[in-house]
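*Asks:* Structure below; questions to follow.
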Amino acid sequence: MEGQHRIIMDDTAIRRALTRIAHEIVEKNKGIDNCVIVGIRTRGIYLAQRIAERIHEIEGLPIEVNELDITLYRDDRKARSAAVTDSAASNTTQHLPIHVEDKRVILFDDVLYTGRTIRAAMDALMDIGRPQSIQLAVLVDRGHRELPIRPDYVGKNVPTSKQEQIVVSLAEVDEEDKVTIFH
């Protein structure tokens, strides 16, 4: 990436934020009964798995973790017909092993920006089943919402300009944990 940048969260800050979010999830839900964590592909699933590990340490019980691919639900995909989209979306959701019916779903993503990714994820979840509730957890909230979506759990609020970019790097994908802002 070109331009100036600075690291706004290192591996220690990310670990602390995830531990805090895990405690907040347990507290808000009065435990983890009937809860499932769903991570949005790509980095959201790794954060979801880390949260699940922390919750397991806190509660002594495992919590189900699932991965959600929202590619077919994005509103920024160009040149697709409604028939192809509907068919592809139903085929994808039929093969997902996610059980959300009457569950408290904690949806996890790395960065919340306009809210469009989360809207796509909620559409995908609703095609799978009818959750009791959907809660949103993000590592970074950078503002600039275009849709009325607000996270329930936030690792770090980072006010940005629209010209700035937030990049989350995770060891599972990028070999190190850090969050960088590019100006």
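The values are calculated or read from the model by the stated rules, or taken from the named source; none is laboratory data. In this text, all values refer to a predicted model and were calculated from it rather than measured experimentally. Glycine gets a Cβ as well: all are built from the backbone with ideal geometry, and neighbour counts include every protein chain shown.
*Asks:* What about residue 115, is it surrounded by 16 or more Cβ atoms within 10 Å (Cβ to Cβ) and in contact with a strand residue (DSSP E or B) (Cβ under 6 Å, 6 or more places away or on another chain)? Don't jump to the end; show me each part of the working.
*Replies:* Details: surrounded by 16 or more Cβ atoms within 10 Å (Cβ to Cβ): yes; in contact with a strand residue (DSSP E or B) (Cβ under 6 Å, 6 or more places away or on another chain): no.
Spelling it out, it is not the case that residue 115 is surrounded by 16 or more Cβ atoms within 10 Å (Cβ to Cβ) and in contact with a strand residue (DSSP E or B) (Cβ under 6 Å, 6 or more places away or on another chain).
*Asks:* Which numbered condition trips up residue 97, out of (1) outside any helix (DSSP H, G or I); (2) modelled with pLDDT of 95 or more; (3) exposed (fewer than 15 other Cβ atoms within 10 Å of the Cβ); (4) not aromatic (Phe, Trp, Tyr)?
*Replies:* (2)
*Asks:* Residues that are within 18 Å of residue 45 (Cβ to Cβ), at pLDDT 95 or above and of a type in the set (A, V, I, L, M): does the range 143-156 have at least one? Lay out the reasoning, then the answer.
*Replies:* Taking the range 143-156 as the starting set, the residues that turn out to be within 18 Å of residue 45 (Cβ to Cβ) are 151, 153, 155.
Filter once more, keeping what is at pLDDT 95 or above: 151, 153, 155.
Restricting the remaining residues to those that are of a type in the set (A, V, I, L, M) gives none.
Scanning the range 143-156, I find no residue that is within 18 Å of residue 45 (Cβ to Cβ), at pLDDT 95 or above and of a type in the set (A, V, I, L, M), so the answer is no.
*Asks:* Hey, another quick one. On the given criteria, is residue 123 in contact with a Ser or Thr (Cβ under 7 Å, 6 or more places away or on another chain), assigned to a helix (DSSP H, G or I) and closer than 30 Å to residue 30 by Cβ? Break it down stepwise before answering.
*Replies:* Values: in contact with a Ser or Thr (Cβ under 7 Å, 6 or more places away or on another chain): no; assigned to a helix (DSSP H, G or I): yes; closer than 30 Å to residue 30 by Cβ: yes.
For residue 123, the condition - in contact with a Ser or Thr (Cβ under 7 Å, 6 or more places away or on another chain), assigned to a helix (DSSP H, G or I) and closer than 30 Å to residue 30 by Cβ - is not met.
*Asks:* Oh, and also: Return a yes/no flag: does the range 129-141 have any residue that is assigned to a loop (DSSP other than H, G, I, E, B), at pLDDT below 95, among the basic types (Lys, Arg) and more than 17 Å from the chain's Cα centre (by Cα).
*Replies:* no
*Asks:* Go through the range 144-183 and tell me which strands (runs of 3 or more DSSP E), entirely inside it, have 2 or more residues that are under 16 Å from the mean Cα position of the chain (by Cα).
*Replies:* Values: elements: 153-157, 165-169, 178-182.
The strands (runs of 3 or more DSSP E) meeting that bar are 153-157, 165-169.
*Asks:* Now a separate question. Counting only residues that are free of Cβ contacts under 8 Å to residues at least 60 places away in the same chain and within 18 Å of residue 44 (Cβ to Cβ), which one in the range 14-28 is surrounded by the most Cβ atoms within 10 Å (Cβ to Cβ)?
*Replies:* Step one: filter the range 14-28 for residues free of Cβ contacts under 8 Å to residues at least 60 places away in the same chain, giving 16, 19, 22-23, 26-27.
Remaining after also requiring within 18 Å of residue 44 (Cβ to Cβ): 19, 22.
Numbers: 19: 15, 22: 25.
The selected residue is 22.
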